[in-house]
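Data first, discussion second: the structure below is written as structure tokens.
The values are calculated or read from the model by the stated rules, or taken from the named source; none is laboratory data. All of these numbers come straight from a predicted model, not from anything done at the bench. Note that we place each Cβ from the backbone using ideal geometry, even for glycine, and neighbour counts take in every protein chain shown. All accessible areas refer to the heavy atoms of the entire protein, side chains included, with ligands and DNA or RNA removed. Shrake-Rupley method; radii C 1.70, N 1.55, O 1.52, S 1.80 Å.
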Amino acid sequence: MVAVLSEGTRLLFPVVYVLFFLGTLGILAVARRRYAREVWLAGFFTTLLAVTLVGMPLLPVVDMHKFAQPSEEEETYYEIRMVDASGEELRVDDRATPPVTGTRTSTVGGQLADEYTDDQRLEMSEFYLENAREYRQTVEAGERSVTDRLQPPRYVDDRAWTAAELEEYEAFEAIRIYEHTVVYSDDNTAIDSTEERPRVTIDPTDGTVTEHEESR
């Protein structure tokens, strides 16, 4: 099910992106017709306003969400890392698992750490590993699909894998979830401290789920 949703959204985003521009060109071609421009602009600004008021990304216009949520004095987020056969870790490249990017990756990481059953953890880890391995092959081969070329510009804080970087890693075999705690200054303009700790390692190849105890 997760794989089906991933493939569906992988196609949905570029389709909506392209249709927006095609629709705009179509409206310009018939701009003299009564209410054509008004209806198009009303639909656009209604969608933009709705996404802004809701305050969270909405499919299929997730990239129209404009504002970050104000930070609390202390904030926790979760990071998913690939673990290779030798135990080396690499932060997941969200491009491998659309539409799970940015804050959505953190949400999934938190659920893997605290909410999911072991069976759900293993299923989700298989999803991440399968997509990461497939994406890794395209990066190493220097290939980009048509849908990748049609994706809108990214504005999330992430870093793409490179072929040179991936050469240093063996085959991915597991995922590991890290919990990050960030403490901000009183005026919310700077970071006072950061701390990270591993929460759980999930290896679907041997069906093991290892929860890491908090270091003292």
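Numerical summary
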| quantity | calculated |
| --- | --- |
| Probe 1.4 Å, all protein chains present, accessible-area order of Ile27, Ile80, largest first | Ile27, Ile80 |
| Sorted peptide list for 200-210, 164-174, criterion being average Cβ within 10 angstrom, highest first | 200-210, 164-174 |
| From phi via Karplus (6.51, -1.76, 1.60), per-residue ³J(HN,Hα) for region 170-185 in Hz, x at Gly/Pro | 7, 5, 6, 10, 8, 10, 10, 9, 10, 9, 10, 10, 10, 10, 9, 5 |
